[in-house]
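Everything below concerns the one structure shown next.
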Amino acid sequence: MPKAPAAPATPPEPASYEAALEELEQWVGRIESGQLPLDQMLTGYERANALLAFCRARLEAVQEQIKVLDEGALQPWTQE
């Protein structure tokens, strides 16, 4: 009896926002190069989508923390 194909392992969650962003940039570069086989391109797209969601969630969490620190009002960002 033939074995069913093993489900692909879920990649680990990135260690940090910066690690996720770096991996996301790498995947985007590979996808845009057009040199990936179709199945790897699909895998890359799925991973890039997950990394983008991770980055957005981290940014939203930081924004919420800043609101709390600024007593509920989001202050405009200024660089001095």
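The values are calculated or read from the model by the stated rules, or taken from the named source; none is laboratory data. Just so we're clear, the structure is a prediction, and the values are computed from it rather than from any experiment. We place every Cβ from the backbone using ideal geometry, glycine too, and count neighbours over all the protein chains shown.
Before moving on, here are some points about what is shown:
- Test: residue in the range 33-40 that is assigned to a loop (DSSP other than H, G, I, E, B) and buried (at least 16 other Cβ atoms within 10 Å of the Cβ): yes
- The test for being surrounded by 10 or more Cβ atoms within 10 Å (Cβ to Cβ) and either at pLDDT 85 or above or among the β-branched types (Val, Ile, Thr) (or both) holds for Pro14.
- Answer residue from the range 66-77, given it is surrounded by fewer than 10 Cβ atoms within 10 Å (Cβ to Cβ) and modelled with pLDDT of 70 or more and is farthest from Glu18 (Cα to Cα) among those: Glu71
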